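Below is one structure, written out as structure tokens; comments come after it.
The values are calculated or read from the model by the stated rules, or taken from the named source; none is laboratory data. In this text, all values refer to a predicted model and were calculated from it rather than measured experimentally. For neighbour counting, all protein chains shown are included, and Cβ atoms are generated from backbone atoms with ideal geometry for every residue, glycine included. The area values use the complete protein model at the heavy-atom level, side chains included, leaving out ligands, DNA and RNA. Shrake-Rupley method; radii C 1.70, N 1.55, O 1.52, S 1.80 Å.
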Amino acid sequence: MIPLTVNGTTHHVDVEPDTPLLFVLRDTLGMTGTKYGCGIAQCGACTVLVDGEAMRSCQFPVDAVGASQVTTIEAIEEDAVGARVVEAWVSVEAPQCGYCQSGQVMAATALLKAVPKPTDEDIADAMTNLCRCGTYNMIADAIRQAAG
């Protein structure tokens, strides 16, 4: 059994140590807000926060989490910065299909926690998640709004 703290709750999961965190979240814990995209840590649909840092969970083995705190989209609004990001996302109507948006919100939250007043360059550097609908301008607008 591997101990894993997700959204403030400790779970003991019976999985292989090299199981990607994404599959533990979705298949073992039933937290389906984090999405499977490419499986090679390139698209960002699977982004979660590990101790506040954006992490692509599809290539992050569960045993590498250790004592770190994992935050998923299901709990992001419990965080003051995350709540501001979600509010801004809704306000500017950033999502279209919505598939990538949980990962986008997580990446934006990590950015604003690290850089509370990001420049356009900071946003471009941090927001490497892919959006097949092309809502990048709306995403940047939402981040600027959340930064206040």
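Can you list the helices (runs of 4 or more DSSP H) lying wholly within region 58-148 that have 2 or more residues being polar (S, T, N, Q)?
Hits in region 58-148: 101-114, 136-147.
Please find, among Thr135, Thr72, the residue that is of a type in the set (S, T, N, Q), open to solvent by less than 50 Å² (accessible area, probe 1.4 Å) and touching a Ser or Thr at 6+ places or on another chain (Cβ under 8 Å). Quick ask: steps written out before the conclusion?
Values: Thr135 fails: touching a Ser or Thr at 6+ places or on another chain (Cβ under 8 Å).
So the residue among Thr135, Thr72 that is of a type in the set (S, T, N, Q), open to solvent by less than 50 Å² (accessible area, probe 1.4 Å) and touching a Ser or Thr at 6+ places or on another chain (Cβ under 8 Å) is Thr72.
Which number in (1) within 12 Å of the chain's Cα centre (by Cα); (2) more than 14 Å from Phe23 (Cβ to Cβ); (3) crowded, with 18+ Cβ neighbours inside 10 Å marks the one condition that Arg84 misses?
Of the numbered conditions (1) within 12 Å of the chain's Cα centre (by Cα); (2) more than 14 Å from Phe23 (Cβ to Cβ); (3) crowded, with 18+ Cβ neighbours inside 10 Å, the odd one out for Arg84 is (1).
Report yes if some residue within region 45-59 is more than 13 Å from the chain's Cα centre (by Cα), under 26 Å from His12 (Cα atoms) and at pLDDT 95 or above; otherwise report no. I'd like the intermediate steps shown before the answer.
Within region 45-59, the subset more than 13 Å from the chain's Cα centre (by Cα) is 59.
Within this subset, residues satisfying the condition of being under 26 Å from His12 (Cα atoms) are 59.
Those left that are additionally at pLDDT 95 or above: 59.
Within region 45-59, one or more residues are more than 13 Å from the chain's Cα centre (by Cα), under 26 Å from His12 (Cα atoms) and at pLDDT 95 or above.
Say we look at region 12-42 and pick out the residues that are hydroxyl-bearing (Ser, Thr, Tyr) and assigned to a loop (DSSP other than H, G, I, E, B); which of these is surrounded by the fewest Cβ atoms within 10 Å (Cβ to Cβ)?
Among residues in region 12-42 that are hydroxyl-bearing (Ser, Thr, Tyr) and assigned to a loop (DSSP other than H, G, I, E, B), the one surrounded by the fewest Cβ atoms within 10 Å (Cβ to Cβ) is Thr32.
Do we find a residue being among the hydrophobic types (A, V, I, L, M, F, W, C), under 16 Å from Ile76 (Cα atoms) and touching a residue at least 60 places away in the same chain (Cβ under 8 Å) anywhere in region 115-137?
Scanning region 115-137, I find no residue that is among the hydrophobic types (A, V, I, L, M, F, W, C), under 16 Å from Ile76 (Cα atoms) and touching a residue at least 60 places away in the same chain (Cβ under 8 Å), so the answer is no.
When residues of region 79-113 are filtered for being out of contact with any helix residue (DSSP H, G or I) (no Cβ under 8 Å at 6 or more places or on another chain) and over 21 Å from Lys35 (Cβ atoms), how many remain?
1
Could you pull out the residue among Ala45, Ala108 that is open to solvent by less than 50 Å² (accessible area, probe 1.4 Å) and without any contact (Cβ under 8 Å) to a residue 40 or more places away in the chain?
The conditions single out Ala108.
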